[in-house]
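Worksheet: one structure, shown below.
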Amino acid sequence: MRLRWPAGPGYLVAEVLAPVLLHASPGGPEIAEADIRTQFGSARVLAVVRQRGGWFGVSVPERSNGTLACLPNSGRLLLYRVRDRLVASLSTRRLELLRAGRPVLRTTVAVGRAADPTPLGRFAVTDRLIIRGATHYGYGALALSGHQPNIPQGWGGGDRLAIHGTDDPASIGLAASQGCVRAGDAAVRALIADVPLGTPVFVRP
C-alpha cells in the first residue's frame with residue numbers, strides 16, 4: 001500500500017514501522033535492511049531527501065556521505081513532516097537551530113581540525129543520546145547519518161558524525177575536533193530535548 005505524502009510545510013520523514021529493504025537505486029540492488037530501531041536503540045526515522053515515483057531517497061548511515069539509499073513508499077512507513085533544521089557554518093563556527101524558518105537557538109561550536117575536517121553536505125539526526133558518566137562527549141550527542149572522513153589511528157569511537165558536548169569547553173570556537181561538531185553542554189541538552197529524529201542537518205563552508 002502506497003501512502004500519501006503529508007501536506008504542509010517542513011521536511012518529509014519516514015518512520016520505519018516494520019523492517020524494510022534499502023536499495024542502491026529505485027528498484028536496484030539491495031544494500032541493507034532498515035529495522036524499526038537504530039544501532040543505538042532509537043526509533044528508526046529516515047530523512048527523505050528525494051521523491052521519485054513510488055520511491056524515496058533517504059539519508060542513512062549505511063551509505064557514504066552524499067549518497068542516498070532508496071526504499072519504496074509502503075505501509076511499512078509512517079510519513080510525517082518535521083519543522084526543524086540545523087545549520088552548521090564551518091567558517092563562522094556557529095550552529096543554528098531553525099524551526100519553521102525562525103531561529104530558536106544559536107551557539108558557537110568547535111569543528112574539525114585541518115587534518116580531520118568536518119564534512120560538508122546534508123545529513124540527518126538519527127539518534128538523541130544522553131551519555132552517563134564522564135566522557136569526551138559531555139552531556140550527550142545528536143548522532144547523524146554522515147561519517148567522519150579521516151579517523152585518527154588508534155581511535156576506537158567509530159566514524160559516525162555527531163553534534164555532541166565536550167569535556168574541553170576551551171575548544172569551543174576552534175577547529176579542534178576529529179570531524180564532529182562540538183557544542184557546549186547547555187546547547188546540547190537543549191538540542192537533545194527539542195530536535196526531532198529525522199531533522200535535516202546542513203553543514204556549510
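The values are calculated or read from the model by the stated rules, or taken from the named source; none is laboratory data. Because the structure is a prediction, the values reported are computed rather than measured. Using ideal geometry, Cβ is built from the backbone for each residue, glycine included, and neighbour counts are taken over all protein chains shown.
Data overview
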| read-out | value |
| --- | --- |
| Residue within the range 92-109 that is in a loop (DSSP other than H, G, I, E, B), in the same structural domain as P196 (by TED's automatic domain parsing), free of Cβ contacts under 8 Å to residues at least 40 places away in the same chain and on the phi > 0 side of the Ramachandran plot present | yes |
| Test: V45 is in contact (Cβ under 8 Å) with a residue 60 or more places away in the chain, surrounded by 15 or more Cβ atoms within 10 Å (Cβ to Cβ) and more than 13 Å from the chain's Cα centre (by Cα) | no |
| Lone qualifier among L144, L95, L120 - being within 24 Å of V58 (Cβ to Cβ), surrounded by fewer than 16 Cβ atoms within 10 Å (Cβ to Cβ), of a type in the set (A, V, I, L, M, F, W, C) and in contact with a strand residue (DSSP E or B) (Cβ under 6 Å, 6 or more places away or on another chain) | L120 |
| Verdict on G198 being of a type outside the set (D, E, K, R), crowded, with 24+ Cβ neighbours inside 10 Å and outside any strand (DSSP E or B) | yes |
| Checking P6 against (1) surrounded by fewer than 20 Cβ atoms within 10 Å (Cβ to Cβ); (2) at pLDDT 95 or above; (3) under 27 Å from G101 (Cα atoms), the condition it does not meet | (2) |
| Residue in the range 75-88 that is small (G, A, S), under 19 Å from R37 (Cα atoms) and part of a loop (DSSP other than H, G, I, E, B) present | yes |
| The lone exception for R204 - which of (1) closer than 28 Å to R50 by Cβ; (2) touching an Asp or Glu at 6+ places or on another chain (Cβ under 6 Å) it fails | (2) |
| Boolean, V58 is assigned to a strand (DSSP E or B) and either among the small types (G, A, S) or assigned by TED's automatic domain parsing to the domain that holds I163 (or both) | no |
| Any hit, the range 14-37, residues being without any contact (Cβ under 8 Å) to a residue 12 or more places away in the chain, surrounded by fewer than 13 Cβ atoms within 10 Å (Cβ to Cβ) and part of a loop (DSSP other than H, G, I, E, B) | yes |
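Residue-wise test of (1) acidic (D, E); (2) at pLDDT 95 or above; (3) closer than 25 Å to S64 by Cβ.
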site: R122; (1), (2), (3): no, yes, yes
site: G154; (1), (2), (3): no, no, yes
site: D159; (1), (2), (3): yes, no, yes
site: I163; (1), (2), (3): no, yes, yes
site: I192; (1), (2), (3): no, yes, no
site: L197; (1), (2), (3): no, yes, yes
site: V201; (1), (2), (3): no, yes, yes
